[in-house]
Amino acid sequence: NDSATTGSGGGSGDNTITMGFSQVGAESGWRTANTKSVQDSAKTAGIELKFSDAQQKQENQIKAIRSYIQQKVDVIAFSPVVESGWDTVLKEAQNAKIPVILTDRAVDSKDTSLYKTFLGSDFVEEGKKAGQWLVEEYKDSTDTVNIVELQGTTGSAPANDRKAGFAEVIGSDPKFKIIASQTGDFTRAKGKEVMEAFLKSNPDIDVLYAHNDDMGLGAIEAIEGAGKVPGKDIKIITVDAVKDGMQALADGKINFIVECSPLLGPQLMDLAKKVVAGEQVPARVVTEETTFTQEQAKEALPTRQY
Ligand code: GYE
C-alpha cells in the first residue's frame, strides 16, 4: 500500500497523535460530507483516527467517549447530538487529562473548561439569514405569510439556534406567522412524512423553512405528491447547500439556501495538533459561510465538492 509512514519507523510510534472521534450519525448529506472531511484530513495530517457513528443517540456517544478515555487516546473530538447532558462524561475526560474538541455542534455546559475549543458554524446567524431573505422577498406585501417549519433533531444546537435566529428576524413583522413547527430529525424520510401531515392540516401554506436540505428535499416530494409546485405554490428555504439541495435550488424547487460548511476536517486536525502540544487555541472557531439564490446555485454547482 502507499500510505506514508513518517517519523518513528512504523507501528504506533509515540509521536503519532491518536484521535477518538464520535460522529452524530449518517442522517444527512451534510453529515456524510463531514465524515469524509474528518477521515480524509486525519490521513493527510498523519493522525490516527478512531471513528464511531452514534446513530443520532446520545447514549452511544457517551459510550464511545468512555471507550476513547479507556484507550487513552491523545485527543477526543465529537459532534454532540444534543446540547444538554455532557458534564459527567466531559469531567471524566478532563480527569484523565484528555483534551476535548467540540466539532460542529455545541454543548450547554456552564463549565467551559470541560473542552478546549468549539469549531463550527454560527447557527443563530444561519437562522437570521433565512429570515432576512423572507423579509426581503415579501417586503411589498401586507398579506399574511403562513410559514411551516421543519426543525432539526430536538435539543440539538442547530435546531435550537436556527429556529431562534429565524424567529427573531421575522418577529419584526406580524404578517409572518409560523402556523406549524415540528421536528423532521434532519432526515429526508422524516421531512417528507411531517410535510405530508402539515399539508393535510393546513390548506394554505405559503412558505416552508427547513433546518436542512435533506428535510427540504423530502418535503418537496410531499408537496409534489399533494399536487402543488415546490418553489412556486410553496416557497422553500433550507440550510446546508449540499449538492442535492443546490440542484433543487438551481431547478427552481427551492428558493434560497443558507450555506453551512461540513468541511471542518482540516481545521479540526490543526486544532488537535496544537491542543495535544499544549498550545493555546481560540475558545471558538467559526466557519465562514455564504448564501445561495437560484442563479447563484447554477453558477456554483459545477464546482461544488459535496
Ligand atoms: O445542518 C444537518 C446535519 O450539525 C450543522 O446536522 C449540522 C447539521 C446539518 O444533519 O444537515
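The values are calculated or read from the model by the stated rules, or taken from the named source; none is laboratory data. These figures come from a predicted structure and were not determined experimentally. Don't worry about glycine lacking a Cβ; one is built from the backbone with ideal geometry, like all the others, and counts go over all protein chains shown.
Okay, here's what the table says:
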item	result
Residues being assigned to a helix (DSSP H, G or I) and within 16 Å of the ligand (Cβ to nearest atom) - total across the range 106-148	8
Filter pass, GLY245 being small (Gly, Ala, Ser), within 14 Å of the ligand (Cβ to nearest atom) and under 15 Å from the mean Cα position of the chain (by Cα)	yes
Matching entry among PHE186, PHE176, PHE198 (being closer than 23 Å to GLN267 by Cβ, among the aromatic types (Phe, Trp, Tyr) and modelled with pLDDT of 95 or more)	PHE186
The range 44-64: number of residues that are without any contact (Cβ under 8 Å) to a residue 40 or more places away in the chain and in a helix (DSSP H, G or I)	6
Members of the range 159-182 that are more than 26 Å from LYS232 (Cβ to Cβ) and touching a strand residue (DSSP E or B) at 6+ places or on another chain (Cβ under 8 Å)	ALA159
Cross-chain or 6+ apart pairs with Cβ under 9 Å, the range 104-118 first and without any contact (Cβ under 8 Å) to a residue 12 or more places away in the chain, then hydroxyl-bearing (Ser, Thr, Tyr)	none
Some residue of the range 149-159 being more than 16 Å from the ligand (Cβ to nearest atom), crowded, with 18+ Cβ neighbours inside 10 Å, at pLDDT 95 or above and of a type outside the set (Phe, Trp, Tyr)	no
Cβ pairs under 6 Å, 6+ apart, first in the range 77-92 and under 21 Å from GLN267 (Cβ atoms) and outside any helix (DSSP H, G or I), second within 16 Å of the ligand (Cβ to nearest atom) and among the hydroxyl-bearing types (Ser, Thr, Tyr)	ALA77/THR103; PHE78/SER22; SER79/THR103
Hits in the range 11-65 (condition: aromatic (Phe, Trp, Tyr) and either within 16 Å of the ligand (Cβ to nearest atom) or touching an Asp or Glu at 6+ places or on another chain (Cβ under 7 Å) (or both))	PHE21, TRP30
Members of the range 66-76 that are touching a residue at least 12 places away in the same chain (Cβ under 8 Å) and not β-branched (Val, Ile, Thr)	ARG66, SER67, TYR68, GLN71, LYS72, ASP74
Criterion: at pLDDT below 95 and either among the small types (Gly, Ala, Ser) or surrounded by 14 or more Cβ atoms within 10 Å (Cβ to Cβ) (or both) - qualifying residue of THR303, THR287, THR291	THR287
Selected residue (only one of PHE166, PHE186 is at positive phi and within 16 Å of the ligand (Cβ to nearest atom))	PHE186
Condition met for ASP122 (modelled with pLDDT of 95 or more and buried (at least 19 other Cβ atoms within 10 Å of the Cβ))	no
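For every residue, the table says whether it meets (1) out of contact with any helix residue (DSSP H, G or I) (no Cβ under 9 Å at 6 or more places or on another chain); (2) of a type in the set (A, V, I, L, M).
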| residue | (1), (2) |
| --- | --- |
| VAL38 | no, yes |
| GLU48 | no, no |
| GLN56 | yes, no |
| LYS63 | yes, no |
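Quick grid of which residues meet (1) outside any loop (DSSP other than H, G, I, E, B); (2) closer than 30 Å to ALA77 by Cα; (3) not aliphatic (A, V, I, L, M):
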site: ILE220; (1), (2), (3): yes, no, no
site: ILE257; (1), (2), (3): yes, yes, no
site: LEU263; (1), (2), (3): no, yes, no
site: ALA297; (1), (2), (3): yes, no, no
